[in-house]
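Enquirer: Would you mind keeping the following structure in view while I ask a few things?
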Amino acid sequence: ELCEEKIISPVRHYLEGLRFDPACHEPQLSHWMERYLGAKPGSPEERQYIEAVSRLSLVQGVARALNPGCKADSVPILEGKQGTGKSTAIRVLHGNEWFGDALPPMGHKDASDYLKGKWAIELAEMSFQSKADIEQQKAFISRQEERYRPAYGREEVTYARRCVFWGTTNRDDYLKDETGNRRFWPIKTGEVDIEGLNAARDRLWAEAVYHYRQRTEWWLDPKMQNFAEVQNSQRFERDVWEQD
């Protein structure tokens with residue numbers, strides 16, 4: 001049974017092979033978004049927020065891999081100009097073979113099937129959501145398992161989720177609904193260092209596994225959650241009649 005688990009969960013196998021010892025290794029989990037994504041805090045509180053999202057986003061990824069089906073519905077959103085490498089950074093961080101950026105429409109059984117074998121799903125261009133899809137999106141992102149009948153399958157299957165979601169956008173007004181935004185963690189990116197991130201990848205995940213095993217929670221504390229919600233309130237799509 002353990003061998004089967006290893007075979008069907010290569011991400012778990014990868015993570016369990018990593019080692020981090022705080023006595024020997026430099027901690028860098030809280031700083032990778034500043035170092036490799038070009039995030040630049042404009043205030044001490046924003047630095048705290050960026051460090052928290054840097055740390056918790058990867059601990060959440062570990063949680064889903066080591067404890068499939070656990071609650072993990074926070075979505076870091078990387079903001080920045082088109083072509084700067086935001087998507088590539090997510091792909092490099094999670095591994096090309098475990099990354100997906102072509103999710104079928106949420107709510108369709110093809111979307112459930114698409115998640116199998118994936119560790120990170122990119123929700124590209126968050127701004128393209130229509131208001132009619134928002135409730136469905138909330139429900140989909142919050143789901144902890146998939147129940148669906150595969151193509152050509154006779155019986156419904158249940159699949160505990162092993163993936164996390166990341167958003168990317170080049171806009172600053174991509175949110176359309178004032179409710180349910182607690183799950184979004186916006187981060188303004190700058191110059192993305194793909195080479196540096198690739199070199200640091202194993203060390204970052206090793207430290208994230210360490211924090212997970214120390215029972216670090218993978219959601220924002222109330223103070224940082226409030227900060228995130230203020231950030232989100234600045235990103236609502238403006239109606240045409242509100243614009244100058």
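Enquirer: Please identify the pairs in which a residue from region 54-68 that is farther than 15 Å from residue 117 by Cα has its Cβ atom under 8 Å from the Cβ atom of a residue that is β-branched (Val, Ile, Thr) and part of a loop (DSSP other than H, G, I, E, B), counting only partners at least 6 apart or on another chain.
Expert: Pairs that qualify, where the first residue is farther than 15 Å from residue 117 by Cα and the partner is β-branched (Val, Ile, Thr) and part of a loop (DSSP other than H, G, I, E, B), are 55/216; 56/216; 59/216.
Enquirer: Moving to a separate point now. Looking at (1) free of Cβ contacts under 8 Å to residues at least 24 places away in the same chain; (2) farther than 20 Å from residue 41 by Cα, which one does residue 222 not meet, given that it meets all the others?
Expert: (2)
Enquirer: Just checking, which of 89, 111 is touching a residue at least 24 places away in the same chain (Cβ under 8 Å), out of contact with any strand residue (DSSP E or B) (no Cβ under 6 Å at 6 or more places or on another chain), farther than 22 Å from residue 34 by Cα and open to solvent by less than 40 Å² (accessible area, probe 1.4 Å)?
Expert: 111
Enquirer: Let me ask something additional. Kindly indicate whether any position in region 80-97 is closer than 22 Å to residue 156 by Cβ and over 11 Å from the mean Cα position of the chain (by Cα).
Expert: No; the residues of region 80-97 include none that is closer than 22 Å to residue 156 by Cβ and over 11 Å from the mean Cα position of the chain (by Cα).
Enquirer: Out of the helices (runs of 4 or more DSSP H) lying entirely within region 7-69, which hold 3 or more residues that are of a type in the set (D, E, K, R)?
Expert: Correct list: 44-66.
Enquirer: Consider residue 243 carefully, then state whether it is within 19 Å of residue 47 (Cα to Cα), of a type outside the set (A, V, I, L, M, F, W, C), modelled with pLDDT under 95 and open to solvent by 80 Å² or more (accessible area, probe 1.4 Å).
Expert: no
Enquirer: Further question on the same structure: Those residues that are open to solvent by less than 30 Å² (accessible area, probe 1.4 Å) and either more than 15 Å from residue 58 (Cα to Cα) or touching a strand residue (DSSP E or B) at 6+ places or on another chain (Cβ under 7 Å) (or both), I need them from region 7-36; list them, please. Show your work before the answer.
Expert: Going through region 7-36, the residues open to solvent by less than 30 Å² (accessible area, probe 1.4 Å) turn out to be 9, 11, 15, 18, 28-30, 32-33, 36.
9, 33, listed by residue number.
Enquirer: Another one. Inspect all residues belonging to region 85-100 and state whether any of them is in a loop (DSSP other than H, G, I, E, B), within 29 Å of residue 160 (Cα to Cα), at pLDDT 95 or above and not hydroxyl-bearing (Ser, Thr, Tyr).
Expert: So far as region 85-100 goes, yes, one or more of its residues are in a loop (DSSP other than H, G, I, E, B), within 29 Å of residue 160 (Cα to Cα), at pLDDT 95 or above and not hydroxyl-bearing (Ser, Thr, Tyr).
Enquirer: Six or more apart or on different chains, Cβ under 7 Å: which pairs go from a residue in region 17-42 that's free of Cβ contacts under 8 Å to residues at least 24 places away in the same chain to one that's of a type outside the set (Val, Ile, Thr)? Could you list them?
Expert: Sorted first by the residue in region 17-42, then by its partner, the pairs are 31/51; 31/54; 41/47.
Enquirer: Then there is this: Within region 193-205, take every residue that is within 17 Å of the chain's Cα centre (by Cα) and of a type in the set (A, V, I, L, M) and give me the one that is farthest from residue 62 (Cα to Cα).
Expert: Filtering first and then ranking leaves 197.
The values are calculated or read from the model by the stated rules, or taken from the named source; none is laboratory data. Keep in mind the model is a prediction, meaning the values are calculated, not measured. Ideal geometry is used to build each Cβ from the backbone, glycine not excepted, and the neighbour counts take in all protein chains shown. SASA here: full protein model, heavy atoms, side chains in, ligands and nucleic acids out. Shrake-Rupley method; radii C 1.70, N 1.55, O 1.52, S 1.80 Å.
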